[in-house]
There are 2 protein chains.
Amino acid sequence: MFGYSRWRQRGRKGLAAKPELAQLQVVIASPEPGCDGYPQLASSEAYHLTITEPVAVLKADEVWGALRGLETFSQLVHEDDYGSFLVNASEIYDFPRFAHRGILLDTSRHYLPLKSILTNLDAMSFNKFNVLHWHIVDDQSFPYQSIYFPELSNKGAYSYNHIYTPTDVHLVIEYARLRGIRVIPEFDTPGHTQSWGQGQKDLLTPCYSGKQPSGSFGPVNPILNTTYDFMTKFFEEISSVFPDDYIHLGGDEVSFDCWQSNPKVNEFMKKQGFGIDYAKLESYYIQKILDIVSSYNKGYMIWQEVFDNKAQLKPDTVIEVWMANNYVQELSRVTGAGFTAILAAPWYLDYISYGQDWKKYYSVEPLNFPGSEKQKKLVIGGEACLWGEFVDATNLTPRLWPRASAVGERLWSSRNVTDLKDAYKRLSNHRCRMLSRGIAAEPVFVGYCAHEARGR
Amino acid sequence: MFGYSRWRQRGRKGLAAKPELAQLQVVIASPEPGCDGYPQLASSEAYHLTITEPVAVLKADEVWGALRGLETFSQLVHEDDYGSFLVNASEIYDFPRFAHRGILLDTSRHYLPLKSILTNLDAMSFNKFNVLHWHIVDDQSFPYQSIYFPELSNKGAYSYNHIYTPTDVHLVIEYARLRGIRVIPEFDTPGHTQSWGQGQKDLLTPCYSGKQPSGSFGPVNPILNTTYDFMTKFFEEISSVFPDDYIHLGGDEVSFDCWQSNPKVNEFMKKQGFGIDYAKLESYYIQKILDIVSSYNKGYMIWQEVFDNKAQLKPDTVIEVWMANNYVQELSRVTGAGFTAILAAPWYLDYISYGQDWKKYYSVEPLNFPGSEKQKKLVIGGEACLWGEFVDATNLTPRLWPRASAVGERLWSSRNVTDLKDAYKRLSNHRCRMLSRGIAAEPVFVGYCAHEARGR
């Protein structure tokens, strides 16, 4: 990733008097988590980099900070026209403004081959992102190959080829870990679950047309004990497969039509005293899922509706604000209620438009909402989301990068780093850097990269 | 491109009774142009394909029709789950509705490596496009390596790597020819020429700030004889390097500010009796360029402004309508004046937006403008334009395909082929076909391709 030894070997000859960097010493203060640990929300990514000849020093509390500092060092080194590698003497104290800096990938609307995911993890590390929010399953397909419930992907994946085996999943997690990136899987219920129903009998609510089942199915069936038996076992597996402290449990966009049509659901509603408020039924379901996941000592992230619908949430719940409409007010409400928030709403990068839309993403100020200092501290970060309706391996990389880089800098750098002209220069330059590192990041605007290959 | 022999070899065993296609006979009626000729505007692309066992017959007047028929045949063959290749007995009479079906690529805002251009020619042939409109130079860079004027690219290209050598150009032309695709180069003047000025002294108009030259330059200087000496020699080269009957001479978006600022230009205006109508000066210039190119027995295409500004045009001039605003009326005006028209306005594919915008492109009816039958016949086709401000090798293919396929079908098929549901199915299927042929065409919507590779 960075090449100081190569740099020495290729140093210009006959210029012995020129200061030369011989070594980069990396000093990590804390023995924890060591090289086998996983990054966490509370991990330190701060580092202190001093570049003086002949020895540069990179100090960090934890390995994660060292990784960020190595990335910075690699970006400070540039090649001159003669093939020498140069770096300016510099001293940098650096740390992220927000602890959660995520990219959401959606592997359900379109399957993403492992290679695409790994390449994206590379790009994330080049941009100091630290969370892969893996929206792994949804209505359209269930590519996650479950150990306990293999029928879920046998029946629910697009095909036997369009799956992530346990080995694949492990590889993604490990590849991410080595780059200081957490992998938070999302298993969204009770809506967005059509594909689950293919391989798990009685999991989804049968919809009715008049007095007869219509043959179609709605959200997860919240009135059956078998549902919770299944979820208990399923999330036991997920909790063990994914080492991160958090699981994303979804909870967005639950349509009530099917529940309304089903006489047994309505009977249950009466018995529970829910009246005709299906949001209560939704909360009833979510509550049980949250309790199940809590019992495995996992924290959870959920989409904002779960909060809006007043489910009882553990204090350490992370609420992801995604609705573009009034997200500023929603941040006020969520943090006002004392919950931790993640902002995704202004960063739906699948919504493409003509021109330099990175400026729009870059200009978002996440803490620009009415609230106390205490509330502001509850916003722990944000995510750039690339939903998959129109994205697969053919266009993922150039669609996401370098547009997501703008989000990455917003979440890492100080609040006052906002100059668009400066950012344009850095972004164009960084895009060429990504290109030279094998990331097919699209151009920011007209121009060229010095190291572009001409060849066929 | 099509594989009937492989198909035989891999035919299912033990099913000898099943009808088997042993051969595809290709019969070309006319000895002209033979296999060494170039496709032209007037070429015939009609074909008649009869698939019956054991011998299918493809008849065409010219080789170009045979190429289109082979493409169709290859698309009729499908592989079943057992690896056998199947084709339905069928009889097809087919021919294009419009003779000019183009893709515009812009290699100035961003350089496109040769491989991108060739891959695009493959994709074009899979979609029966027959014109590559090569917008090869513009303000930003001059990648065309001229034989007579090598300084143009030495100074005007982004770098020595960002050029098309004579060998490169020849390769593009030949690769296109073998796919029945014409290559029409565009050398846009007098505007869009900043990069020309780098390597050709006195070609551009010096702009003035008050009574002093400001140091910046405007459009080509129309008042100097040296300008026309240069253009005479330059277009002599272009006429010989590019075999097509047509050259695109641009003529769009000429800004008058610089001409207005220049006292010598104003003196010339007076002498010519142009008053303060700089459109007359523009027409004066264009007229001379058109005359030069005519003298080399080339036809020319120009952007609509040249017509709007009332330059004297040869009757066989092709006018490209590009302004989205009122393009319907412009088609009326252009054809009403008896000129041939190409429609590009609704097909600027660089203007991306969220969702299935292919439907918008597909739903355009090029002849839906007020005019006589005779006028309608003057619309000879259209072009899907991918301007390069935000496009380079990283995103060209998925941005252009399969969105351009919608334009391709509109320009090839009958006017009454307009059903969006049918088209969606065919387009999704065709997109997967392109993918399996190595074209990274982006998804139309959610789903998957059966032959997508899972691997890393």
Helices (runs of 4 or more DSSP H) lying entirely in the stretch B:282-371 (those with 3 or more residues that are free of Cβ contacts under 8 Å to residues at least 24 places away in the same chain): none
Subset of the stretch B:79-109 [touching a strand residue (DSSP E or B) at 6+ places or on another chain (Cβ under 6 Å), β-branched (Val, Ile, Thr) and open to solvent by less than 10 Å² (accessible area, probe 1.4 Å)]: B:Ile103
The listed residue being under 30 Å from B:Asp357 (Cα atoms), more than 14 Å from chain B (Cβ to nearest Cβ) and not small (Gly, Ala, Ser), out of A:Val306, A:Val379, A:Val364: A:Val364
Which numbered condition A:Ala42 fails, given (1) of a type in the set (A, V, I, L, M); (2) surrounded by fewer than 16 Cβ atoms within 10 Å (Cβ to Cβ); (3) more than 26 Å from the chain's Cα centre (by Cα): (3)
Enumeration of residues in the stretch A:156-173 that are part of a loop (DSSP other than H, G, I, E, B) and of a type in the set (Phe, Trp, Tyr): A:Tyr158, A:Tyr160
Residue count, the stretch A:247-302 (criterion: among the aliphatic types (A, V, I, L, M) and over 25 Å from A:Ser214 (Cα atoms)): 9
Sole exception among (1) more than 17 Å from the chain's Cα centre (by Cα); (2) open to solvent by 20 Å² or more (accessible area, probe 1.4 Å) for B:Leu58, by number: (2)
Answer from B:Gly215, B:Gly191, B:Gly199, B:Gly210 - the residue that is of a type outside the set (A, V, I, L, M, F, W, C) and modelled with pLDDT under 95: B:Gly210
Those residues of the stretch A:195-229 which are open to solvent by 10 Å² or more (accessible area, probe 1.4 Å) and either closer than 30 Å to A:Phe129 by Cβ or aromatic (Phe, Trp, Tyr) (or both), in sequence order: A:Tyr208, A:Phe217, A:Tyr228
Residue satisfying all of: in the stretch B:287-304; under 20 Å from B:Glu330 (Cα atoms) and in contact with a helix residue (DSSP H, G or I) (Cβ under 8 Å, 6 or more places away or on another chain); surrounded by the fewest Cβ atoms within 10 Å (Cβ to Cβ) among these: B:Gln304
The stretch B:243-257: number of residues that are buried (at least 21 other Cβ atoms within 10 Å of the Cβ) and either among the aliphatic types (A, V, I, L, M) or not in a strand (DSSP E or B) (or both): 5
Pick from the stretch B:174-186, criterion outside any helix (DSSP H, G or I) and of a type in the set (A, V, I, L, M), ranking: surrounded by the most Cβ atoms within 10 Å (Cβ to Cβ): B:Ile181
B:Lys359 being closer than 23 Å to B:Tyr424 by Cβ, surrounded by fewer than 19 Cβ atoms within 10 Å (Cβ to Cβ) and under 22 Å from the mean Cα position of the chain (by Cα): yes
Tally of residues being under 28 Å from B:Leu378 (Cα atoms) and of a type outside the set (Val, Ile, Thr) across the stretch B:72-106: 13
Which numbered condition B:Leu76 fails, given (1) more than 30 Å from B:Asp229 (Cα to Cα); (2) touching a residue at least 40 places away in the same chain (Cβ under 8 Å); (3) among the hydrophobic types (A, V, I, L, M, F, W, C); (4) open to solvent by 10 Å² or more (accessible area, probe 1.4 Å): (2)
Near pairs, Cβ below 6 angstrom, 6+ apart or cross-chain, from the stretch B:426-448 (within 8 Å of another protein chain (Cβ to nearest Cβ)) to any residue that is in a loop (DSSP other than H, G, I, E, B) and of a type in the set (S, T, N, Q): B:Ala440/A:Thr394; B:Glu442/A:Thr394; B:Glu442/A:Asn395; B:Val446/A:Gln140
Hey, A:Ser261 surrounded by fewer than 16 Cβ atoms within 10 Å (Cβ to Cβ) and among the polar types (S, T, N, Q) or not: no
Single condition B:Thr397 does not satisfy, out of (1) within 14 Å of chain A (Cβ to nearest Cβ); (2) open to solvent by less than 20 Å² (accessible area, probe 1.4 Å): (2)
The stretch B:258-271, residues that are assigned to a helix (DSSP H, G or I) and of a type outside the set (Ser, Thr, Tyr): B:Cys258, B:Trp259, B:Gln260, B:Pro263, B:Lys264, B:Val265, B:Asn266, B:Glu267, B:Phe268, B:Met269, B:Lys270, B:Lys271
Residue that is nearest to the chain's Cα centre (by Cα) [pool: residues in the stretch B:331-351 that are within 14 Å of chain A (Cβ to nearest Cβ) and open to solvent by 20 Å² or more (accessible area, probe 1.4 Å)]: B:Tyr348
Answer from A:Gly438, A:Gly408 - the residue that is at positive phi and open to solvent by less than 70 Å² (accessible area, probe 1.4 Å): A:Gly438
Scope the stretch B:305-330; condition open to solvent by less than 10 Å² (accessible area, probe 1.4 Å), more than 18 Å from the chain's Cα centre (by Cα) and within 14 Å of B:Asp188 (Cα to Cα); matching residues: B:Val306
In the stretch A:392-423, the residues that are without any contact (Cβ under 8 Å) to a residue 24 or more places away in the chain and among the aliphatic types (A, V, I, L, M): A:Val417
Of all residues making up the stretch B:108-155, the number that are away from every other protein chain (no Cβ under 14 Å), more than 17 Å from the chain's Cα centre (by Cα) and in a helix (DSSP H, G or I): 4
Unmet requirement for B:Gly273, which otherwise passes all of (1) more than 32 Å from the chain's Cα centre (by Cα); (2) of a type in the set (Gly, Ala, Ser); (3) buried (at least 22 other Cβ atoms within 10 Å of the Cβ): (3)
Residue count for the stretch A:372-389, restricted to those that are open to solvent by 20 Å² or more (accessible area, probe 1.4 Å) and touching a residue at least 60 places away in the same chain (Cβ under 8 Å): 3
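The values are calculated or read from the model by the stated rules, or taken from the named source; none is laboratory data. Not measured: the values here are computed from a predicted model. When we count neighbours, we look across all protein chains shown, and the Cβ atoms used for this are built from the backbone with ideal geometry, even at glycine. With ligands, DNA and RNA removed, areas are computed over all heavy atoms of the protein, side chains included. Shrake-Rupley method; radii C 1.70, N 1.55, O 1.52, S 1.80 Å.
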